[in-house]
1. Given Ala11, Ala15, Ala56, Ala41, which one is under 30 Å from Ile122 (Cα atoms), at pLDDT 85 or above and either surrounded by 10 or more Cβ atoms within 10 Å (Cβ to Cβ) or within 32 Å of the chain's Cα centre (by Cα) (or both)?
2. Do we have Asn83 as under 30 Å from Leu137 (Cα atoms) and in contact with a Ser or Thr (Cβ under 7 Å, 6 or more places away or on another chain) here?
3. Are any of the residues in region 125-132 touching a residue at least 40 places away in the same chain (Cβ under 8 Å), under 30 Å from Met43 (Cα atoms) and in a helix (DSSP H, G or I)?
4. Which pairs have Cβ atoms under 9 Å, sit 6 or more apart or on different chains, and link a residue in region 7-19 that is at positive phi to one that is of a type in the set (Phe, Trp, Tyr) and at pLDDT 90 or above?
5. Out of everything in region 105-139 that is charged (D, E, K, R) and in contact with a helix residue (DSSP H, G or I) (Cβ under 7 Å, 6 or more places away or on another chain), what residue ends up being surrounded by the most Cβ atoms within 10 Å (Cβ to Cβ)?
6. Quick one: would you say Val102 is surrounded by 12 or more Cβ atoms within 10 Å (Cβ to Cβ), farther than 17 Å from Glu135 by Cβ and aliphatic (A, V, I, L, M)?
7. From the list Tyr47, Tyr84, which one is touching an Asp or Glu at 6+ places or on another chain (Cβ under 8 Å), surrounded by 12 or more Cβ atoms within 10 Å (Cβ to Cβ) and not polar (S, T, N, Q)?
8. In region 18-38, which residue that is surrounded by 10 or more Cβ atoms within 10 Å (Cβ to Cβ) and at pLDDT 85 or above is nearest to the chain's Cα centre (by Cα)?
Amino acid sequence: MRQWETGADVAIRKAMEAGEFNNLPGEGQPLDLSVDPYTPADMQLAYKILKQNGLAPDWIVQSKTLTAKLDSWQSRLQAAHKNYRTSNNIGSWITAKEKLGVDAEKLNKEIVAFNLKLPQGITHLPMLNVQRAVERLVG
């Protein structure tokens, strides 16, 4: 037994060497992933129809839109900080942080509304924290 192998690893390796996994039903065929076991049965048909028509559930579309807004916010924060480092203009840095703070409050309201719409089991988007974002950026 190799040092890193567990008992299960040894049993699987021995079964493979003995050919016990050869000629299994479906061998070499792609897996059928058309049914999502985590999607409620009453929603599977709706999601299938959406997919067939090139659409996505509303929360997925909103996720993409919100992610783009968050990326834009982060880019504006980085640009403001870069401008401050090169110009050393504290007034413009403070003004930029205040504007970003107002924008963060608006985005946080959108994030809360979005998180409330998410299906069970989908990870919620975290709220923006301007202070923490600035601290990470500064160092």
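The values are calculated or read from the model by the stated rules, or taken from the named source; none is laboratory data. Since we're looking at a predicted model, the values are computed, not measured. Neighbour counts run over all protein chains shown; Cβ positions are idealised from the backbone, glycine included.
1. Among Ala11, Ala15, Ala56, Ala41, only Ala56 is under 30 Å from Ile122 (Cα atoms), at pLDDT 85 or above and either surrounded by 10 or more Cβ atoms within 10 Å (Cβ to Cβ) or within 32 Å of the chain's Cα centre (by Cα) (or both).
2. Numbers: under 30 Å from Leu137 (Cα atoms): yes; in contact with a Ser or Thr (Cβ under 7 Å, 6 or more places away or on another chain): yes.
Yes: the conditions hold for Asn83.
3. Within region 125-132, not a single residue is touching a residue at least 40 places away in the same chain (Cβ under 8 Å), under 30 Å from Met43 (Cα atoms) and in a helix (DSSP H, G or I).
4. Partner pairs satisfying both residue conditions: none exist.
5. Going through region 105-139, the residues charged (D, E, K, R) turn out to be 105-106, 109-110, 117, 132, 135-136.
Among the residues that remain, those that are also in contact with a helix residue (DSSP H, G or I) (Cβ under 7 Å, 6 or more places away or on another chain) are: 110, 117.
On the way: Glu110: 15, Lys117: 12.
The residue in question is Glu110.
6. Working: surrounded by 12 or more Cβ atoms within 10 Å (Cβ to Cβ): no; farther than 17 Å from Glu135 by Cβ: yes; aliphatic (A, V, I, L, M): yes.
In short, no.
7. On the way: Tyr84 fails: touching an Asp or Glu at 6+ places or on another chain (Cβ under 8 Å).
Just a single option satisfies the conditions, and that option is Tyr47.
8. Phe21
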